[in-house]
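FYI, it's all coordinate maths here, none of it is from the lab. Quantities reported herein were computed from a predicted structural model and do not represent experimental measurements. Positions of Cβ are generated from backbone atoms using ideal geometry, with glycine treated the same way; all protein chains shown enter the neighbour counts.
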Amino acid sequence: LIIDAGFYWDAGHSYGNVQRDSVESNEGYLLPVPGGLGPVLIAKLCENLSRAGRINRGII
């Protein structure tokens with residue numbers, strides 16, 4: 001599993017920094033850009049904020 005966290009813009013489109021052809025030819029899996037890592041990060045951020053709020057209120 002390769003997580004492509006870096007990206008760049010070219011002609012109005014975003015592209016990842018990993019060369020897709022080299023990963024696919026080695027039977028690997030590439031988490032794509034866009035739409036790969038972003039939703040996971042947002043979900044974890046929401047989870048951590050919720051947990052911090054419950055800790056702050058003494059619920060857990």
**Prompt:** Pairing the Cα long axis of helix 37-56 with the longest principal axis of the chain, what angle in degrees results, from 0 to 90 and rounded to the nearest 10?
**Reply:** 10
**Complete:** The whole-number value in µm²/s of the Stokes-Einstein translational diffusion coefficient for the chain, with Rh from the Kirkwood sum over alpha carbon pairs at 37 °C and 0.692 mPa s, is 238
**Item:** Electrostatic dipole magnitude of the chain [Cβ: Lys, Arg +1; Asp, Glu -1; Cα centre; debye, to 20]
**Value:** 640
**Dipole of the chain [Lys/Arg +1, Asp/Glu -1 at C-beta], most positive-end residue of Leu45, Ile2, Val18** = Leu45
**Request:** Evaluate the distance, in nm, between pseudo-label points positioned 7 Å from the Cα of Lys44 and of Ile59 along their respective Cα→Cβ axes.
**Result:** 2.2
**Request:** Only Cα pairs under 8 Å and at least 6 apart count here; give the relative contact order of region 2-56 as a rounded whole percent.
**Result:** 33
**Item:** Those chymotrypsin sites (Phe, Trp or Tyr not before Pro) in the chain that DSSP places in a loop and that have at most 15 other beta carbons within 10 Å
**Value:** Tyr29
